[in-house]
């Protein structure tokens, strides 16, 4: 029993050491300013997933949990099996396969629709290639764009434009409660 407790404590300490190294490493990069949220929602958006994307409701739920920890709220998630699943509705974030003109170099992309008067987000559309639907951080990052966040060139930050340099560091993101 004592050996088991020692091993468990050892792994906990090791985990903390690794985390501290990663955090200190993120501060070594030179980034000026803070992440920017250019637009905001005035309502809780609902998320609709087009069936042909191969994105599951469970995967989207996991992705929005990241943002819910930061204070964001959503009005539900559902999958759409209609053949005309290509335009987002008011108050909705639509997850769809890319349309014509999508740059195949990207894993995904997001289009925001905003009010010209209030600058608030009224709907958003996430384009994702089916092969990227289950990759870690891709949906979290694109939902960040659908919430109005711009790219932020801090290594290991969720909104970093490069997938290999992105991560789960939410430091600096302001809560929009």
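Laboratory data are not the source of any read-out in this text; all were calculated from the coordinates shown. Please read these numbers as outputs of a predicted model, since none were measured by experiment. Neighbour counts are summed over all protein chains in view; Cβ atoms, including those assigned to glycine, are modelled from backbone coordinates with ideal geometry.
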Cα→Cβ-extended label distance, 7 Å offset, between residue 164 and residue 105, nm: 1.5 nm
Computed over segment 46-165: relative contact order in percent, which uses C-alpha pairs under 8 Å that are six or more apart: 26 percent
Residue 38-residue 51 pseudo-label distance in nm [points 7 Å out on the Cα-to-Cβ vector]: 3.5 nm
For segment 46-165: rounded, prolate or oblate by the Cα gyration tensor [a/c cutoff 1.5]: rounded
